[in-house]
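The values are calculated or read from the model by the stated rules, or taken from the named source; none is laboratory data. As the structure is a computational prediction, the values presented were derived from the model and not from experiment. Counting neighbours? That spans all protein chains shown, and the Cβs are built from the backbone with ideal geometry, glycine included. Note: accessible area is taken over every heavy atom of the protein model, side chains too, but ligands, DNA and RNA are not part of it. Shrake-Rupley method; radii C 1.70, N 1.55, O 1.52, S 1.80 Å.
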Amino acid sequence: MTERDGPRKIALVGACCVGKTTLLKSYVGDPDVAIVEEAARAFFIANPNVPDRFSVEVQGQIQEMAMSNERNALSGNVRVLVCDRSVLDAVVYTYARGDKEGAKQLFERIQVWLPTYHRIVLLDPRDVPYEVDDVRQEDEETRQHLHDTFIEFFEANRIAYELLSGTPEERRKRIDEILLE
């Protein structure tokens with residue numbers, strides 16, 4: 001696949017518990033939209049006792065799963081692919097941990113992948129209450145740190161993104177507009 005071939009690909013990215021998956025659930029069943037499931041959640045469900053979730057090794061495996069999930073979703077006949085997270089999330093999570101060299105390594109290996117995204121949408125944690133579940137282990141402070149790191153990393157690397165804030169209805173309305181572009 002070359003840059004921008006095939007369906008448009010929109011990535012919803014951000015820290016844990018900011019509404020990505022909830023937002024995507026509203027598109028289930030839309031024949032024009034394929035949803036790419038979150039790789040990190042699937043990884044941690046399959047590997048619940050990973051000692052260091054933010055290590056470059058673990059995040060590298062998640063990044064590979066994300067690429068595989070996106071490739072598999074492209075096999076369908078859809079107009080738009082919407083990704084629950086992206087290959088960038090692994091880079092930012094590693095960077096947030098303080099492993100700049102590991103983040104650089106993960107970032108370099110996705111340079112040909114990045115142009116396949118038509119839009120990167122960063123979900124803001126404001127207005128989204130933090131909820132604990134069996135997979136999510138981060139706390140609210142970590143969630144905010146990760147969000148701030150996404151912004152820092154995107155700006156430092158000149159990665160175009162849109163910050164999505166507001167109520168669930170406002171967020172859905174904006175994603176609807178993006179899908180129609």
Which of the residues that make up segment 135-178 are open to solvent by less than 60 Å² (accessible area, probe 1.4 Å) and among the acidic types (Asp, Glu)? GLU138, GLU162, ASP176
Look through ALA34, ALA15 and report the one residue that is part of a loop (DSSP other than H, G, I, E, B), crowded, with 21+ Cβ neighbours inside 10 Å and in contact with a helix residue (DSSP H, G or I) (Cβ under 7 Å, 6 or more places away or on another chain). ALA15
Segment 18-31 - residue that is β-branched (Val, Ile, Thr) and assigned to a helix (DSSP H, G or I) and, of those, farthest from the chain's Cα centre (by Cα): THR22
Residues of segment 37-73 satisfying the condition of being open to solvent by less than 10 Å² (accessible area, probe 1.4 Å) and without any contact (Cβ under 8 Å) to a residue 24 or more places away in the chain: none
One residue is enough: does segment 95-116 have a residue meeting the conditions touching a strand residue (DSSP E or B) at 6+ places or on another chain (Cβ under 6 Å) and modelled with pLDDT under 95? yes
